[in-house]
Amino acid sequence: MEQIDCIIAGAGVIGLAIARKLAALGLETLIVEAADAIGTETSSRNSEVIHAGIYYPQGSLKARLCVAGRDMLYRYCAERSIPHRRSGKLIVTTDVTQEPVLATIRANAAACNVEDLHFLAAEEAQALEPALHCTAALLSPSTGIVDSHGLMLALLGDAEESGAVLSLNTRIVSGRIDGGRIVLHTVDTASGGGFEVATSRFINAAGLGAVALAGSLEGFERRFLPTLRYAKGNYFSVVGRAPFSRLIYPVPEPGGLGIHLTLDLGGNARFGPDVEWTDTLDYRVNPARGERFYAAIRKYWPDLADGSLQPAYSGIRPKLSGPGEANSDFVIQDATVHGSAGLVNLFGIESPGLTSSLAIADQVACLLA
């Protein structure tokens, strides 16, 4: 049986960032991906926002890794000429009763070392974005957008340049923890063949499938498996160009950050995500959900015309908290938790996972050193 230094399950942005880091350290690295391309799930079905690190609880992994990862990501994009833009974002209130929330958000951000938020009165915000309706706003100048596909291609290129190998159409169906190593059984999703391979370092970055994958490992105690919930986020695009140059976010809502306006690098607007709890991986967007979008968007863009929204795409967040529960933190689980040397599970890597990807890779490398 072939023995490889490290195997990474999942070729999304997290798995690719980890592969880049470990391969650069001189470790023989294999990335296995069940799909026929990289980044086909959560990594490519999001808002492509580089988050500033505003909302997360002080001391949480989300807060720490987002702030560190944001700075690393901006540097990496500049060095590798990955399309991105530091566009800035406005967090807006549309009712005076919401305004105290802005002070709470700003205080939390400062506690997480994000100190560049600025309070704006309604007229100051509208001077920046004349089509905007709000009663007050916070300006986040360090929020931006990135070409997530360009980012993932760059990460893969770096990993392969350092000797990493990508195996597509390769699903890990089971494994066992065996005498200080992890043995994995794979199936080729295209041909039906497969192989067994052993490693002393296994990183489970399988995203939506991470909990199930960990549960398939013989010798892994089930008490360390969290409950995974699917939170589907639907996105709608607008016909024509929206009259905004910055991202526009309402104050957060339970389960997410509200139906916000983001821009792609071509300046085209999209709205979302909403929160739709589901039990299936169904990415179809129900056009009827657009009615709720109109009401939410018109609170900050009252001139949105009837019939101008159209279904765009959806993504599913691997959440560890359910409806009515406080948002869970990232879980990066190593042998100090579960006792299995060389095994790192990444559970619940939702937003701000894209922003945090390079920082997460550094942390995983430290855990395996």
Full-extension gain in nm, Leu25 to Arg241, via 0.36 nm per residue minus C-alpha separation: 73.2 nm
Alpha-carbon centroid distance for the pair the range 1-74 / the range 77-115, whole angstrom: 23 Å
For the range 176-323, share of DSSP beta bridges that run antiparallel, in % to the nearest 5: 95 percent
Rounded Å value of the spacing that divides the Cα centres of the range 122-201 and the range 281-326: 23 Å
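May I ask you to derive the FRET efficiency for Glu123 and Asp71 from their Cβ-Cβ distance with R0 = 35 Å, giving the value to the nearest 0.05?
On the way: r = 32 Å, r/R0 = 0.92.
E(calc), rounded to 0.05, equals 0.60.
Antiparallel versus total DSSP beta bridges in the range 159-222: what percent is that, nearest 5? Kindly include the intermediate steps, with their values, before the conclusion.
Details: 12 of 14 bridges.
Percent antiparallel among DSSP bridges in the range 159-222 is about 85.
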Point-to-point label distance, Glu160-Phe195, nm (Cα→Cβ direction, 7 Å offset): 1.7 nm
For the range 279-369, convex hull volume per residue from C-alpha positions, Å³: 159 Å³
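What is the magnitude of the charge dipole of the chain about its Cα centre, with +1 placed on the Cβ of each Lys and Arg, -1 on the Cβ of each Asp and Glu, and no other charges, expressed in debye to the nearest 20?
Details: 30 positive and 39 negative charges, 72 e Å.
That gives a dipole near 340 debye.
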Ranked Phe330, Phe293, criterion: other C-beta atoms within 10 Å, fewest first: Phe293, Phe330
Rough spin-label spacing in nm, given labels placed 7 Å along Cα→Cβ, for Asp362 and Asp95: 4.2 nm
Cβ charges +1 (Lys, Arg) and -1 (Asp, Glu), total dipole of the range 1-100, debye: 480 debye
Of Ala359, Ile349, Pro273, farthest towards positive along the dipole that unit charges on Lys, Arg, Asp, Glu beta carbons give the range 247-363: Pro273
Partners for Lys232 among lysines (Cα-Cα distance below 21 Å; same-chain residues under 8 apart left out): Lys62, Lys319
Neighbour-count ranking [beta-carbon atoms within 10 angstrom, fewest first] of Trp301, Trp277: Trp277, Trp301
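With +1 assigned to the C-beta of every Lys and Arg and -1 to the C-beta of every Asp and Glu, and no other charges, what is the dipole magnitude of the range 274-369 about the Cα centre in debye, to the nearest 20? Present the calculation step by step, with values, prior to reporting the outcome.
Numbers: 7 positive and 12 negative charges, 33 e Å.
Once rounded to the nearest 20, the dipole reads 160 debye.
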Extension gain from Glu291 to Leu265, taking 0.36 nm per residue of separation minus the Cα-Cα distance: 6.7 nm
Per-residue Cβ neighbour rank within 10 angstrom, fewest leading, Glu276, Glu129: Glu276, Glu129
DSSP bridge pairs, the chain: antiparallel proportion in percent, nearest 5: 70 percent
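Counting Lys +1, Arg +1, Asp -1, Glu -1, what net charge surrounds Ile182 among other residues with beta carbon under 14 Å of its beta carbon?
That sum, taken over residues with Cβ under 14 Å, equals -3.
Throughout, read-outs are computed from the coordinates displayed, never taken from laboratory work. What you are looking at is a predicted structure, and each value in this text was computed from that prediction instead of being measured. A quick note on method: Cβ atoms are made from the backbone with ideal geometry, for glycine too, and the neighbour counts reach across all protein chains shown.
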